[in-house]
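The values are calculated or read from the model by the stated rules, or taken from the named source; none is laboratory data. Model, not experiment: these values are computed from the prediction. Glycine gets a Cβ as well: all are built from the backbone with ideal geometry, and neighbour counts include every protein chain shown.
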Amino acid sequence: MMKKKVYFKTFGCRTNLYDSQVMMHSLKEYAITQEESEADVIVVNSCTVTNGADTNVRSYIAQVHKSSEAKIFLTGCGAHTKGEKLLQENRVHGVFGQSEKQKIDFLLSQEKPFYDPGDLHHIDDVIVDDFIGKSRAFIKIQEGCNFRCSYCIIPFVRGDARSMDEEKILEQITRLALNGFGEFILTGTNVGSYGQGKETSIAKLMKKISQIRGVRRIRLGSVEPVQITDEFKEILDEPWLEKHLHIALQHTAPAMLKLMNRRNVYKQDKELFEILHDRGFAIGTDFITGHPGESQALWDEAFKNAQALPLTHLHAFTYSKRDGTHSANMKEEVNGAVAKQRLHELEALIQAKNFAFRKAFKGRLEVLIESQKDGLYYGHDQHFNPILVASEEDLVGDWVSIANYEARREGNYAKL
């Protein structure tokens, strides 16, 4: 008897990418397909961080309805915010929360439509020892967040911060390293909070990971400025730490940070970023434009502050109102077109800074080649900058050290 085929469609962050891998590993009664058109069942692992994310999920589900007979199941963060509505509209056959993903065989076999939101205190204990279709491994080390930023829905759909068991994390990385993985990306809802209340920390965990044979590079998801502690600063020169840190600021005008209920202070953020820049780090940040209360004067101040920061990467959004959050009730809303204009100004600024950073760097690029397309190989260097490499040899999955390359506006380019 042929097994039914399941296709996983993942939206959103690396935590969702990881959760999809856990589901793939837990599947026993079904076959996995990478081809959507072959699927009997489609599992949509959804994101709800912005209105745009919700829209993408909805339009994907609508498109599947038009083109396919596949049964659709919804999981991920959108299961908590949009799941019941999609189920009532018969858009999906079943909805389940992140905590239920290891029961995937059972859930996919349900004849009757169902809604099973699961619980927000769950901690994964699953060990993933291979990543299907990937050259880098994503390791989920924590879940949830204790910050209560006024605009953010995530604590309501992912729960409070809780850390995975250290032994399990180390066992998983040991197995993956034996399977040939050399780059590990530590992910979670608020990665830098790892180890709170457990007598450990993100820096201690990374040191232990670095001692595992086969580990070449460790990358972190987004951390908060307060999480770059003195203990963390002691590992900045370690060769295994990627020379790129993504530190979430969300804004650079002190008055806006207060409105957003953020814990960071611009003056301290600037000092921290300068220390990291002097140590050779590329620095990324998150930023929201158009949050209620962002007057033109506050935006001008924020932009001037952003110009003064040694930033190289940006993950920015226009403000998106999420029902149930504090910001949703704030007045002085910013026109959407203005918010978008500010976003584009900021993106252009950081792109120019990134280009300048790449041109100024005179060392070798250490690159893990992730994929190949049209005779060009694609990967990221230690600064998390993309590079295209022309080569006669098959380089996918290889580490290459590149001395001669060209810094082009859209990324680096090399010929081997």
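If only residues of the stretch 11-45 that are among the hydroxyl-bearing types (Ser, Thr, Tyr), modelled with pLDDT of 80 or more and touching an Asp or Glu at 6+ places or on another chain (Cβ under 8 Å) are counted, the one that is nearest to Leu186 (Cα to Cα) is Ser26. The single residue among Val44, Val57, Val92, Val22 that is out of contact with any Ser or Thr (no Cβ under 8 Å at 6 or more places or on another chain), within 25 Å of Gly324 (Cβ to Cβ) and touching a residue at least 40 places away in the same chain (Cβ under 8 Å) turns out to be Val92.
Would you check which residues across the stretch 1-26 are aliphatic (A, V, I, L, M) and over 16 Å from Gln98 (Cβ atoms) and list them?
Met1, Met2, Val6
Considering only residues of the stretch 329-357 that are in contact (Cβ under 8 Å) with a residue 12 or more places away in the chain and small (Gly, Ala, Ser), which is farthest from Met256 (Cα to Cα)? Checked the stretch 329-357; the qualifying residue farthest from Met256 (Cα to Cα) is Gly336.
Within the span defined as the stretch 339-348, every residue fails to be among the hydrophobic types (A, V, I, L, M, F, W, C) and not assigned by TED's automatic domain parsing to the domain that holds Arg279. Of the residues that sit in the stretch 206-229 and are assigned to a loop (DSSP other than H, G, I, E, B) and under 26 Å from Arg263 (Cα atoms), which one is farthest from the chain's Cα centre (by Cα)? Within the stretch 206-229, the match that is farthest from the chain's Cα centre (by Cα) is Thr229.
Residues in the stretch 153-172 that are at pLDDT 90 or above and within 19 Å of the chain's Cα centre (by Cα): Ile169 only. Selection over the stretch 346-405 of residues that are in a loop (DSSP other than H, G, I, E, B), within 22 Å of the chain's Cα centre (by Cα) and among the small types (Gly, Ala, Ser) gives a count of 1. One residue stands out among those in the stretch 203-229 that are in contact (Cβ under 8 Å) with a residue 60 or more places away in the chain and of a type outside the set (D, E, K, R): the one that is nearest to Asn264 (Cα to Cα), which is Ser222.
Number of residues in the stretch 319-378 that are at pLDDT below 85, within 19 Å of Ala297 (Cβ to Cβ) and charged (D, E, K, R) equals 1.
Scanning the stretch 94-103 for residues that are buried (at least 21 other Cβ atoms within 10 Å of the Cβ), within 24 Å of Glu35 (Cα to Cα) and modelled with pLDDT under 85 turns up at least one hit. Of all residues in the stretch 173-203, those that are closer than 15 Å to His246 by Cβ, polar (S, T, N, Q) and modelled with pLDDT of 85 or more total 1. Beta carbons closer than 8 Å, at least 6 apart along the sequence or on distinct chains, pair a first residue in the stretch 152-181 that is on the phi > 0 side of the Ramachandran plot with a second that is surrounded by fewer than 21 Cβ atoms within 10 Å (Cβ to Cβ) and of a type in the set (A, V, I, L, M, F, W, C) for Gly159/Leu120.
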